[in-house]
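Asker: Questions regarding the structure given below will be posed in turn.
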Amino acid sequence: MTSRADVDVRPITESEFADWQRAMNVGFLREPTLSEEIVDARRAQFTPGRSVGAFDGGRCVATFRSFAQELTVVGGATVPADAVTNVTVTATHRRRGLLTRMMERDLAAAKERGDVVATLIAAEYPIYGRYGFGPATTATEWTIDVPRAGLDPRRAGPQDGGRVDLVDAEDVRKFGPELHERLRRIQPGAVSRDELWWRTTTGAVRFHPTFHEPYYAVYRSAGGEVEGMVAYTADDNWGDAKQPLNTVRVKWLTGVTPAAERALWLYLCSIDWVVGVKSGWRAPDDLLPHFLPDPRAAAVTTQADWMWVRMLDVVRALQARTYGAAGSLVLEVADGAGLAGGRYRLEASADGTGVCVPTGESADLTLDVAELSVLWLGDESAVRLAALGRVREERAGAARQADALLRTSRRPWCPDVF
């Protein structure tokens, strides 16, 4: 067996990109070899220094990539984030510390760059907590039983003066970026999308051997403004008695007003031959079920952790967001990696702004950086974490006070997978 020291962990060169892609596909149990066209298309993601591989005898056996991202926090501000993705270790090289070496290298570089947090979507739950990440958002998928929903089959469209129109990929690339930016300004947990995202999601650049072109629809308000957009596919399924049993699958749906969301969901439920709609990953408190006369027609298919966050700069992270009440809290933050640990005083004002500074005062709460990262976007409760033994109260009532400061009326949501 090759020793740990014999495996070289380093940034890849562009000439090694195809071998790195092969190793990533093997790690994700995908077909190992990609066509030259697909590899060349994926080179658009290559940034020198941020695609890392582990090499044993010249063969890539582990992969890791990060890229620049902006994350929206409570209150609408954004912070620079280190988005981690494409993490694999080949089965022949498990338990040799390769992920730890790649992660430590990346997080140290992110801290040096001035990123406030690191983010990722975890394929497996148990891996990332040991690196200081915690699940900061949740995602839910519903399946709508259309015949049960109670919708009027005579319905022809929105009743608010707006309209739903089918559009093409070119229209999505034209209207989509600005619409997503509007969503980002109001949705904690949302992340930035670059031009490449829009080109890949519409098939202009193809990262996979097969691309099934979706349908696209937009909602325009009574004033003609695009306020919502959806991408979806549909199967072709008919029963033995020649009855249609088709299901629509939503790839993504963006709405910046409740009216836009309502119009698009009701449009999907009104498509001829469709008896089911799968919502794709939505916020756990999404309004979707309550747009239907019978909310029970929207059954939860899956609910799970989604975006994980790892705080790198406690002061900047806590000062970036807003708060639901005035008050102060002293946090003792443990960080085994030495990136964000310390004792900090958070002072929140009645106007929602917060000031955070290092302090020598006695702590009110003691917690790991992963738990602070979980609490930061407002989805989790410090009281719950204290009950689980993951937060320790040093002052009676401090966990309840933390909830009053940190929790939000609507839950954070990341619409993207990366």
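The values are calculated or read from the model by the stated rules, or taken from the named source; none is laboratory data. Everything numeric in this text was worked out from a predicted model, so none of it was measured. Every residue, glycine among them, receives a Cβ derived from its backbone with ideal geometry; neighbour counts consider all protein chains shown. In case anyone asks, the SASA skips ligands and DNA or RNA and just uses the protein heavy atoms, side chains included. Shrake-Rupley method; radii C 1.70, N 1.55, O 1.52, S 1.80 Å.
Asker: Counting only C-alpha contacts under 8 Å and six or more residues apart, can you give the relative contact order of the chain as a whole percent?
Answerer: Reported as a whole number, the value is 18 percent.
Asker: For residue 278, go through the lysines and keep the ones whose alpha-carbon is under 27 Å away, minus same-chain ones fewer than eight residues off.
Answerer: The reachable lysines, counting only those whose Cα sits under 27 Å from residue 278, are 174, 242, 251.
Asker: Report the one residue of 52, 386, 177 whose Cα lies farthest in the direction of the positive end of the charge dipole of the chain (charges on C-beta: Lys and Arg +1, Asp and Glu -1; origin at the Cα centre).
Answerer: Of the listed residues, the answer is 386.
Asker: Before I look further, what does the chain give for accessible area per residue, probe 1.4 Å, in whole square angstrom?
Answerer: Per residue, the chain has 46 Å² of solvent-accessible surface.
Asker: So if I place +1 on the C-beta of Lys and Arg and -1 on the C-beta of Asp and Glu, and nothing else carries charge, what would the dipole magnitude of the range 123-250 be about its Cα centre? I want it in debye, nearest 20.
Answerer: 240 debye
Asker: Here's another thing I want to ask about it. What 222 nm value per residue comes from the helices of the chain, counting each DSSP H run with n ≥ 4 as -39,500 (n - 2.57) and dividing by all residues, nearest 500 deg cm²/dmol?
Answerer: That calculation yields -7000 deg cm²/dmol at 222 nm.
Asker: Is the C-alpha gyration tensor of the range 140-279 telling us rounded, prolate or oblate? Criteria: a/c under 1.5 is rounded; beyond that, a/b larger than b/c is prolate, otherwise oblate.
Answerer: Oblate is the answer for the range 140-279, as a/c is 1.5 or above yet b/c matches or exceeds a/b.
Asker: Provide the per-residue ³J(HN,Hα) series for the range 249-259, in order, calculated from phi with Karplus coefficients 6.51, -1.76, 1.60 and θ = phi - 60°, each as a whole number of Hz, with x at glycine and proline positions.
Answerer: Using θ = phi - 60°, the values come out as 10, 7, 7, 7, 9, 10, x, 9, 9, x, 4 Hz.
Asker: Let me know the whole percent of all Cα-Cα pairs from the range 304-418 that are separated by more than 21 Å.
Answerer: Every Cα pair in the range 304-418 considered, those over 21 Å come to 31 percent.
Asker: May I ask for log10 I(q)/I(0) of the range 103-164 at q = 0.23, 0.29 Å⁻¹, from a Debye sum over the Cα atoms as equal point scatterers with solvent left out?
Answerer: With no solvent term, the Cα-only Debye profile gives -1.10, -1.25.
Asker: Dipole of the range 215-281, Cα-centred, from +1 at each Lys and Arg C-beta and -1 at each Asp and Glu C-beta, to the nearest 20 debye?
Answerer: For the range 215-281, the charge dipole is close to 80 debye.
Asker: Per the Kirkwood formula on distinct C-alpha pairs, the Rh of the range 213-339 is how many angstrom?
Answerer: Averaging 1/r across every pair of different Cα atoms and inverting gives 18.3 Å.
Asker: Same structure, new question: How many percent of DSSP beta bridges within the chain run antiparallel, rounded to 5?
Answerer: The antiparallel proportion sits near 85 percent.
Asker: Then there is this: Per-residue HN-Hα couplings for the range 57-66, Karplus 6.51 cos²θ - 1.76 cosθ + 1.60 at θ = phi - 60°, whole Hz, x for Gly and Pro?
Answerer: Once rounded to whole Hz, the list reads x, x, 9, 6, 10, 7, 9, 6, 9, 9.
Asker: For the ranges 153-159, 198-204, 36-42, what's the packing order if you count other beta-carbon atoms within 10 Å of each residue, average per peptide, and put the highest first?
Answerer: So the peptides 153-159, 198-204, 36-42, ranked by packing, come out 198-204, 36-42, 153-159.
Asker: Same structure, new question: Gaussian network model of the chain, Cα springs within a sub-10 Å range: biggest mean-square fluctuation belongs to which of 152, 368, 335?
Answerer: 152
Asker: Right, here's the next one. Skipping prolines and chain starts, which residues have an amide H placed within reach, meaning under 5 Å, of the one on residue 251, given they are 5 or more residues away or on another chain?
Answerer: Amide H neighbours of residue 251: 231, 232, 233.
Asker: While we're looking at this one, here's another question. Between 241, 91, 217, find the one with the highest GNM mean-square fluctuation for the chain; connect C-alpha pairs within less than 10 Å.
Answerer: Highest fluctuation among the options: 241.
Asker: While we're on this one: Determine how many Å³ per residue the convex hull of the Cα atoms of the chain encloses.
Answerer: Enclosed volume per residue, from the Cα hull, is 170 Å³.
Asker: For the chain, which whole-number percentage of the solvent-accessible area (1.4 Å probe, protein heavy atoms only) is attributable to carbon and sulfur atoms?
Answerer: It is 49 percent, rounded to a whole number.
Asker: Explain nothing, just the number: dipole magnitude of the chain about its Cα centre with +1 on each Lys and Arg Cβ and -1 on each Asp and Glu Cβ, in debye rounded to the nearest 20.
Answerer: Using only the charged Cβ atoms, the result is roughly 500 debye.
Asker: Let me ask you something else. Compare 367, 406, 166 in a GNM of the chain, Cα atoms joined below 10 Å, and give the one with the largest fluctuation.
Answerer: Looking only at 367, 406, 166, the largest GNM fluctuation is found for 166.
Asker: Then there is this: Hey, what do the phi angles of the range 277-284 turn into as Karplus ³J(HN,Hα) couplings, whole Hz, using 6.51/-1.76/1.60 and θ = phi - 60°, x for Gly and Pro?
Answerer: Working through the residues one at a time gives 10, 9, 6, x, 6, 10, 5, x Hz.
Asker: Moving to a separate point now. Name the long-range amide H neighbours of residue 71: under 5 Å, sequence gap of 5 or more, or other chain; modelled H, no Pro or chain starts.
Answerer: Residues meeting the amide H criterion: 79, 81.
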